[in-house]
Amino acid sequence: MSRWKCVCAYDGTHFTGWQSQPSRDAVQDRIEAALAAVLTMPVRIHGSSRTDAGVHALAQVFHFDADWKHGGPTLVAALGPHLPSAIQIKSIRPAAAEFHARYSARGKRYQFRLFLGQADPFETNYCLSIPYSLDTEAITEAARCLIGQHDFSAFAAETGADRDQENPVKDFRHFEISGRGKRLRLTFEASGFMYKMVRSITGALLRVGRGKLSPGEFREILESGVRSKEVVTAGPRGLFLEKVYY
C-alpha cells in the first residue's frame, strides 16, 4: 500500500459538507465512490478540514492508502468521469507513510466573500449577502486582537461532537479585509480552526461593522473564553477553504 496526498476543489452548494454521514450526500462520499470505481476496492479518505454544508473549497487536502502503479496524473484523469462537475481533483502525489492530511497540517487559510446588498442569482451561492453597510475600519480594529496565540473558546460551536474535545488554543496569524465597492473579502489564517470558528468570528465582526458591538467589546468576548449571545454564526455561503499549509 502506498499513501497518496490529494488536493481537490469543490462547490459545496448542494452537498451536506465534506465529512461522510449516513444517508447524506457529502463530498467525501462522492470521492470515495469514484476511487472505489477506479481502484475496484473500498477506499477511505481523510480530509484536512470538515467543511460545513454550503461551504466551498479551493484547495481541500485529503489522503488515502492504495496500490496504484500508474502515477498521480493518470489517477486524476481516471477519476474525472466518476465525479460530478462540482468536484475537481487538482493533483494526486505520493506521500510519506506518516503524512496525515489533518494532523500533519501546520496552518489553514479561509476567505469569506461578502456582498453589500443582495447578490444576483449567479453569485448568491458564492458570497454572503449583507443587507446593510459596514464600517470596515471598525472591523479591522476589532480583528487586531485576534492576532497571536489565544484561547478561542468564545468562538467555538455551541454544539457538536468535537465541542469539548478540540484544543481551543490557536495561533492566529493573519486577518485582512479587502475588496472594493459592494464586494468585500475577509481572509483568516491560523494554525487551525475549530468547528464553525471562522463563521462565528465573522458573525461577531459583522456586528462590529454594523455598530452593534464595539471593537473593545469584541476583545472582551475573546478574552472571556465564553461564547455569548453577541456571537452569531454567519451563514455558510461565501466561505471558502483557500489553502492548507504543511
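The values are calculated or read from the model by the stated rules, or taken from the named source; none is laboratory data. In this text, all values refer to a predicted model and were calculated from it rather than measured experimentally. Cβ: placed from backbone, ideal geometry, glycine included. Neighbour counts: every protein chain shown.
Criterion first (on the phi > 0 side of the Ramachandran plot, surrounded by fewer than 20 Cβ atoms within 10 Å (Cβ to Cβ) and not assigned by TED's automatic domain parsing to the domain that holds GLY216) does THR40 satisfy it? Judged against the criteria, THR40 is a match.
Yes or no, residue by residue, for (1) touching a Gly at 6+ places or on another chain (Cβ under 8 Å); (2) under 28 Å from SER200 (Cα atoms):
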{"position": "VAL7", "(1), (2)": "no, yes"}
{"position": "ASP25", "(1), (2)": "no, yes"}
{"position": "ILE31", "(1), (2)": "no, no"}
{"position": "LYS69", "(1), (2)": "no, no"}
{"position": "HIS82", "(1), (2)": "no, no"}
{"position": "ILE92", "(1), (2)": "yes, no"}
{"position": "ARG113", "(1), (2)": "yes, yes"}
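Can you say whether ALA101 is in a strand (DSSP E or B) and hydrophobic (A, V, I, L, M, F, W, C), as far as the supplied structure shows? So ALA101 fails the test. Cβ separations smaller than 6 Å between residues 6+ apart or across chains give the following pairs from segment 217-246 residues that are at positive phi to residues that are in a helix (DSSP H, G or I) and hydroxyl-bearing (Ser, Thr, Tyr): GLY225/SER153. Residues of segment 28-57 being in contact with a His (Cβ under 8 Å, 6 or more places away or on another chain) and assigned to a loop (DSSP other than H, G, I, E, B), which ones? Residue satisfying the conditions is ILE45 alone.
Residues checked against (1) assigned to a helix (DSSP H, G or I); (2) touching a residue at least 12 places away in the same chain (Cβ under 8 Å); (3) surrounded by fewer than 19 Cβ atoms within 10 Å (Cβ to Cβ):
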{"residue": "ARG173", "(1), (2), (3)": "no, yes, yes"}
{"residue": "SER178", "(1), (2), (3)": "no, no, yes"}
{"residue": "LEU184", "(1), (2), (3)": "no, yes, no"}
{"residue": "VAL198", "(1), (2), (3)": "yes, yes, no"}
